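Working notes, structure below.
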Amino acid sequence: MLDTLQAPTTTSSMLRVEGLKAYYQMNYFGVRREVRAVDDVSLTINRNEIYGIAGESSSGKSSLIKTIAGAITPPLRVVEGSVKFDFAGRELDVYADPQAMKAARWQNLSYIMQGSMNVLNPVRRVKHAFHDFAFKHMGLSPSAFRARVEKHLQRIGLDPHVLESFPHQLSGGMRQRLTIALATVCEPDFIIADEPTTALDVLVQQDVLALIKDIQQRMGASIIFVTHDMTVHAAIADRIGIVYAGRLVEEGPTLDVFRRPQHPYTAHLISSLPRIGDNKKRSALPGKPPNLADPPSGCRFHPRCPLAVDKCTNENPPLEARLTGRVACWRAGEVQTA
Amino acid sequence: MDGFAKYLGRRLFQFFLVIFLGVSLAFLITNLSPVDPVEQSVALMTNFGATDPRSVELMRQALQELYGLQGSMLDQYLAFWGRVIRGDFGPSLSAFPTPVMSLIMSALPWTIGLLTLSLVITWTLGNLLGALAGYYRSNLLLKLSGAAVMALHPVPAYIIGLCLLLAFGFIWPILPISGGAQMNLQPGLTLDYLRSLIVHGTLPALTLVLVGLGSWFISMRSLVSNIVTDDHVVYAELGGVSSNKIFSQYVARNALLPQLTGLALSLGNVFGGAVITEFLFNYPGVGRLMIQGIYRGDYALVLGVTTISIIAVAVAVFIIDLIYPLIDPRVRLS
Amino acid sequence: MFKILRDMLRYNIEFAIGFVLTLSIFLFALAHFWAPLPDTAIYLLPPDMPPSAQYWFGTTSRGQDVLWQMSSAIWNTMLFGLTVTVLSRLLAVAVGMLSGYLGGRWDQALMTLNDTMIALPNIPILLLVYFVMRDSMSWPVLAATAALLGWNYDARLIRSVTLSLRNREFTRHAVFAGMSVPQILVRQHLPYVMPVIFFTAMNNLIWAIGLEVTLSVLGFSDINRPTIGGMIYWANQHQAIIAGIWWWIAFPIIAVVLLFLGLFLLAISVNEYIDPRSRLSRMGA
Ligand SMILES: Nc1ncnc2c1ncn2[C@@H]1O[C@H](COP(=O)(O)OP(=O)(O)O)[C@@H](O)[C@H]1O
Ligand SMILES: [Mg+2]
């Protein structure tokens, strides 16, 4: 299976991102600056799939996922490309039809943003958040709605009493669970999550991961999520995409990517994971992460790449199908992993 | 609940500290000054005739006793505290022999009334305008009204009051410019008297409102424009919560908390504005009383009004501190 | 510095207006050094002359030229304001930086004292000081008193900046390298605190000038030294409004309002330039 070339299936795709470019465009006292945080990204996510996006900090993961969620505010702007969802045959073009997008939020797709422990209003009780976000989508009477929310919380392992609390009375883990509950209570078809576990300690992290996976299986939803933590990807993602400096550099089924990374950057990410019984010193990647306001020419990874050749400096490698996934590298597959 | 008790304890401590330091400061200022209040008063009285040296000496002693200026510095300090606690600042020199305290007590309700009314209007209106302007950033009408109140805000109360006085007292004389109510009306709950109160209070209150609006507007607008980028607001917008609801429940409500703290912090300054305004419009409050006391060299009156003002402001701040937990659950339930 | 000024003038209309306004008022005030008559001289000119080609802003009932009086008055008022601002900055910086740097108990104690001072009503205390000092009251004493009352808000702001610097890497390095507390504060932290000092200075200047106007309008300052408030005081003493000598009161009011407007525009635009958050929102706009 590892060596079979597979064309990506489009029949059951739920999200199609094509040629997406989103830049932070700033103009301050006459000085213009442009940060190319999302630069020509195309990807497809299937029904019932969990897709993980990995990459180091400041590589543009959040920017990409915000753009997909239609959650961008200036100075971030979409410069080119499209984001299209397909909800049971009903197509939704995120940046062409704001009205339909508005209607689809929470009904069809929900978004768990980075730092989501702080998304609850500190001066209102938690129940108001559920009411404000979800009530109008459910078509239930107030009491039936309340019962539904309580049942949902119980399934997620939260005491319904939390509805009467203020956020500051709850622990970080509980707040994180609550935001997940809030994002899933309407049983959306598509869930977008940015670092849903990053701020939590390891034990709670395991819990929350299990919870996300469980919800996804029960509701049959698709999930796209971001984290820089490769162990989290290993735990729940069906497929992962690796982002470097605003570009998707590799993508494939999780197991394949972990076993046989094709891009040197991916190989570095994976080899720097701690392994039991392995005391070998790990090499840090030389050099600094690129400045997205002035990215390197050609392949953006070339200044730090151990395999770089002249071609890498001058020409940008396209993202091309290879083995079970896709990779953007002139020397794809040549990397040696331990 | 524990956190709440701690909060109360801290506020109470601060309250007593303000009073302690304020009263001590008033004592220190009067005692460390090179000018002897007794000599000052004696000089003032001998100006009117009585120059017999023996009676001057008697008067000097009587005044020293009256002002509690006998004995060591510490004795005087303790005596001063005793008088503050008893509410006895001796008789007023300019309205002899009426006790200073009863002058203050009849003036205080005027000041409290004027200040409370104008402060409530200023705070509500300034915050409302500021919040709207911070939330609907591109609204032209809000921008213009914002520019107007902001331009007024650095101008001192006296200048704004003087302009109003010239405008509505001389150029277009439709409002009374002096006094708290019509002289010949019997105070009481009659319609005429109330009408007269309102008409007389309009210009002083308007002055205080115009002076105060700007700073609330500015701070609220900047608070709101920061809060709209907070996670909980951004998230509510993404969640399709209606913009009216976001404005009232997610933005304005959160911004009101620091503004209430700001109200407590501003009281000292606001009181200063009231002093000047009262004097300008000859409004019968403690501010006018104090300035008249200064013009007439009435030592007991000036010291009394200063001390009572310090205490009154501290009490008002404390009341706001007590209200705060009612609207901030983080203090109430921690 | 010069480049910042040029950029602000070019891209920030509020700053440009405020700058031009303040600069012209300053130049006007500077002109009093070339006044034809000493500014304390009275009854040398025909009194109560309305504005004319000879006396542009008319003359007062005390036989002074309103134009030249105003020039001196604005100078003196600004001088008072600047003195208060400089003195109170010293206090605010000292207390704020110490409190923020020392932290813990010291911080608590200093900030409690600070909050206590905030809760004291300034005007009654200033009036009391004036009352007991009376004739020995001079404008430097008044300025010192005002400075003692006018530093607490800003000490709080400065403290919060210093507090955030306390745990930074370079502070630890400096401590490790054996620098003393004053050295660290002055060499390492002061540059970061500078923008806050500058911004609070603008606001404090406005406050101090307002205070001067208020006190001298009531006659509670050296009434023979021309100031904006003092001019209005004398106009009131001579019942200028009732006597119809409107120019005696109107021109000082216009001058002071323009001065406040200019300073205020400078203050808000400088604040916007300094505050990183509004900087961000402008970048996005
Ligand atoms: N509001 C903003 N304004 C300007 N640049 C930004 C903003 N937010 C993020 N960036 C820049 O965009 C790039 C990508 O950031 P982000 O998407 O948050 O990365 P990640 O989530 O992978 O850490 C970074 O270089 C960051 O500095
Ligand atoms: Mg991120």
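Filter segment B:274-318 down to residues that are among the small types (Gly, Ala, Ser), modelled with pLDDT under 90 and assigned to a helix (DSSP H, G or I), then give me how many there are.
Residues of segment B:274-318 among the small types (Gly, Ala, Ser): B:274, B:285, B:287, B:293, B:297, B:300, B:304, B:309, B:312, B:314, B:316.
Going one step further and asking which of them are modelled with pLDDT under 90, we end up with B:297, B:300.
So of that shortlist, the ones also assigned to a helix (DSSP H, G or I) come out as B:300.
Residues in segment B:274-318 being among the small types (Gly, Ala, Ser), modelled with pLDDT under 90 and assigned to a helix (DSSP H, G or I): 1 in total.
Can you find even one residue in segment B:43-65 that is in a helix (DSSP H, G or I), within 13 Å of another protein chain (Cβ to nearest Cβ) and at pLDDT 75 or above? Before you say what the answer is, go through the steps one by one.
Let us first name the residues in segment B:43-65 that are in a helix (DSSP H, G or I), namely B:43-46, B:53-65.
Cutting the leftovers down to within 13 Å of another protein chain (Cβ to nearest Cβ) gives us B:43-44.
Checking the rest, the ones that are also at pLDDT 75 or above come to B:43.
The answer is yes; a qualifying residue exists.
For residues that are more than 7 Å from every other protein chain (Cβ to nearest Cβ), under 22 Å from B:ILE323 (Cα atoms) and either surrounded by 22 or more Cβ atoms within 10 Å (Cβ to Cβ) or in contact with a Phe, Trp or Tyr (Cβ under 7 Å, 6 or more places away or on another chain) (or both), tally how many sit in segment B:225-258.
3
Right, B:PRO176: surrounded by 13 or more Cβ atoms within 10 Å (Cβ to Cβ) and in a loop (DSSP other than H, G, I, E, B) or not?
Details: surrounded by 13 or more Cβ atoms within 10 Å (Cβ to Cβ): yes; in a loop (DSSP other than H, G, I, E, B): yes.
Against the criterion (surrounded by 13 or more Cβ atoms within 10 Å (Cβ to Cβ) and in a loop (DSSP other than H, G, I, E, B)), B:PRO176 qualifies.
Pick from C:LEU190, C:LEU261, C:LEU211: which is over 18 Å from B:LEU280 (Cα atoms) and modelled with pLDDT of 85 or more?
On the way: C:LEU190 fails: modelled with pLDDT of 85 or more; C:LEU211 fails: over 18 Å from B:LEU280 (Cα atoms).
When all the criteria are applied, what remains is C:LEU261.
Across segment A:56-73, what is the number of residues that are on the phi < 0 side of the Ramachandran plot and either of a type outside the set (A, V, I, L, M) or within 9 Å of ligand 1 (Cβ to nearest atom) (or both)? If you could, list the steps in order and put the result at the bottom.
Applying the first criterion (on the phi < 0 side of the Ramachandran plot) to segment A:56-73 yields A:56-57, A:59, A:61-69, A:71-73.
Then keep just the ones that are either of a type outside the set (A, V, I, L, M) or within 9 Å of ligand 1 (Cβ to nearest atom) (or both); that gives A:56-57, A:59, A:61-67, A:73.
Selection size over segment A:56-73: 11.
Do we have B:GLN40 as within 11 Å of another protein chain (Cβ to nearest Cβ) and modelled with pLDDT under 80 here?
Working: within 11 Å of another protein chain (Cβ to nearest Cβ): yes; modelled with pLDDT under 80: yes.
Yes: the conditions hold for B:GLN40.
When the residues of segment A:26-55 are filtered to those that are over 17 Å from A:ALA237 (Cα atoms) and near ligand 1 (Cβ under 9 Å from one of its atoms), which remaining residue is surrounded by the fewest Cβ atoms within 10 Å (Cβ to Cβ)? It would help to see each step written out before you state the result.
Filtering segment A:26-55 for residues over 17 Å from A:ALA237 (Cα atoms) gives A:26-42.
Filter once more, keeping what is near ligand 1 (Cβ under 9 Å from one of its atoms): A:26, A:33, A:35-38.
Details: A:MET26: 19, A:ARG33: 14, A:VAL35: 21, A:ARG36: 22, A:ALA37: 24, A:VAL38: 32.
Residue satisfying both the conditions and the ranking: A:ARG33.
Please specify each residue of segment A:27-64 satisfying the condition of being in contact with a helix residue (DSSP H, G or I) (Cβ under 7 Å, 6 or more places away or on another chain), within 16 Å of ligand 2 (Cβ to nearest atom) and of a type outside the set (Gly, Ala, Ser). Can you show your working first?
Initial filter on segment A:27-64 (in contact with a helix residue (DSSP H, G or I) (Cβ under 7 Å, 6 or more places away or on another chain)): A:27-30, A:37-38, A:41, A:50, A:52-55.
Within this subset, residues satisfying the condition of being within 16 Å of ligand 2 (Cβ to nearest atom) are A:37-38, A:41, A:52-55.
A:VAL38, A:VAL41, A:ILE53, listed by residue number.
Could you list, in sequence order, all residues of segment A:304-338 that are over 26 Å from the mean Cα position of the chain (by Cα), not in a loop (DSSP other than H, G, I, E, B) and not polar (S, T, N, Q)?
A:ASP310, A:LYS311, A:CYS312
Which one of the conditions (1) under 23 Å from A:ARG247 (Cβ atoms); (2) in contact with a strand residue (DSSP E or B) (Cβ under 8 Å, 6 or more places away or on another chain); (3) modelled with pLDDT under 95 does A:SER57 fail to meet, given that it meets all the rest?
Unmet condition: (2).
Just the residues that are farther than 16 Å from C:ILE223 by Cβ, in contact (Cβ under 8 Å) with a residue 12 or more places away in the chain and not in a helix (DSSP H, G or I), please, taken from segment C:115-173.
Scanning segment C:115-173 gives C:LEU120, C:GLY150, C:TRP151.
Which of the helices (runs of 4 or more DSSP H) found entirely inside segment A:134-250 contain at least 2 residues meeting this: farther than 19 Å from A:ASN108 by Cβ, more than 14 Å from chain B (Cβ to nearest Cβ) and within 16 Å of ligand 2 (Cβ to nearest atom)?
A:230-236
Just a yes or no: is a residue in segment A:96-107 part of a strand (DSSP E or B) and either within 16 Å of ligand 2 (Cβ to nearest atom) or within 14 Å of chain C (Cβ to nearest Cβ) (or both)? Walk me through it before giving the result.
From segment A:96-107, those part of a strand (DSSP E or B) are A:105; that's our starting set.
Narrowing further to those that are either within 16 Å of ligand 2 (Cβ to nearest atom) or within 14 Å of chain C (Cβ to nearest Cβ) (or both): none.
Checking segment A:96-107: not a single residue is part of a strand (DSSP E or B) and either within 16 Å of ligand 2 (Cβ to nearest atom) or within 14 Å of chain C (Cβ to nearest Cβ) (or both).
It is to be established whether one or more residues within segment B:161-172 are at the interface with another protein chain (Cβ under 9 Å from one of its Cβ atoms), buried (at least 21 other Cβ atoms within 10 Å of the Cβ) and either outside any helix (DSSP H, G or I) or free of Cβ contacts under 8 Å to residues at least 12 places away in the same chain (or both).
So far as segment B:161-172 goes, no, none of its residues is at the interface with another protein chain (Cβ under 9 Å from one of its Cβ atoms), buried (at least 21 other Cβ atoms within 10 Å of the Cβ) and either outside any helix (DSSP H, G or I) or free of Cβ contacts under 8 Å to residues at least 12 places away in the same chain (or both).
Being touching a residue at least 12 places away in the same chain (Cβ under 8 Å), within 16 Å of ligand 2 (Cβ to nearest atom) and within 14 Å of chain C (Cβ to nearest Cβ) is true for just one of A:ILE72, A:ILE68, A:ILE112. Which residue is that?
Numbers: A:ILE68 fails: within 14 Å of chain C (Cβ to nearest Cβ); A:ILE112 fails: within 14 Å of chain C (Cβ to nearest Cβ).
Just a single option satisfies the conditions, and that option is A:ILE72.
Identify, please: which residue in segment A:85-115 is touching a Leu at 6+ places or on another chain (Cβ under 7 Å) and more than 16 Å from ligand 1 (Cβ to nearest atom) and is, among those, nearest to A:ILE191 (Cα to Cα)? Explain how you work it out, then say what you get.
Pass one, segment A:85-115, residues touching a Leu at 6+ places or on another chain (Cβ under 7 Å): A:85, A:100-101, A:104-105, A:111.
Subsequent filtering for residues that are more than 16 Å from ligand 1 (Cβ to nearest atom) retains A:85, A:100-101, A:104-105.
Working: A:PHE85: 12, A:ALA100: 17, A:MET101: 14, A:ALA104: 12, A:ARG105: 10 Å.
Residue satisfying both the conditions and the ranking: A:ARG105.
Quick one: would you say B:GLY188 is surrounded by 14 or more Cβ atoms within 10 Å (Cβ to Cβ) and outside any helix (DSSP H, G or I)? Walk me through how you get there before you give the answer.
Details: surrounded by 14 or more Cβ atoms within 10 Å (Cβ to Cβ): no; outside any helix (DSSP H, G or I): yes.
So B:GLY188 does not fit the description; no.
The values are calculated or read from the model by the stated rules, or taken from the named source; none is laboratory data. None of these values were measured; they are calculated from a predicted model. All Cβ positions, even for glycine, are placed from backbone atoms using ideal geometry, and neighbour counts span all protein chains on display.
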